[in-house]
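Undergrad: Here's a structure for you.
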Amino acid sequence: VEVGNSGVFRPELLLPMGLPENVSVIAWGLSLERPTMIKYGINNIRELVGHRVNLQMVYDSPMCRLDV
């Protein structure tokens, strides 16, 4: 299970953004997607983020407050 993952972007991914070849870009995050998938029994990460999200799960989840 990934938690606290990080990494360095590959140079070919940065070139379309107009960054020079000698620039290094790092990324990091908490990566809470994997533990959330385990907790809610989600097998495909696209069901958690993106256009396939089950909005009813979001409304019913005690972690989410949409009435603020």
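Undergrad: Among the residues of the stretch 12-32, count how many are in contact (Cβ under 8 Å) with a residue 12 or more places away in the chain and open to solvent by 70 Å² or more (accessible area, probe 1.4 Å).
TA: Qualifying residue count, the stretch 12-32: 5.
Undergrad: Within the stretch 33-64, track down each residue that is open to solvent by 70 Å² or more (accessible area, probe 1.4 Å), among the hydrophobic types (A, V, I, L, M, F, W, C) and either more than 25 Å from V8 (Cα to Cα) or assigned by the TED database to the domain that holds G7 (or both).
TA: Result: I38, L55, M63.
The values are calculated or read from the model by the stated rules, or taken from the named source; none is laboratory data. What you see is a predicted model, and the numbers here were worked out from it, not measured in a lab. Please note: Cβ atoms are built from the backbone with ideal geometry, for glycine as well, and neighbour counts cover all protein chains shown. Ligands, DNA and RNA are excluded from the accessible area calculation, which covers all protein heavy atoms including side chains. Shrake-Rupley method; radii C 1.70, N 1.55, O 1.52, S 1.80 Å.
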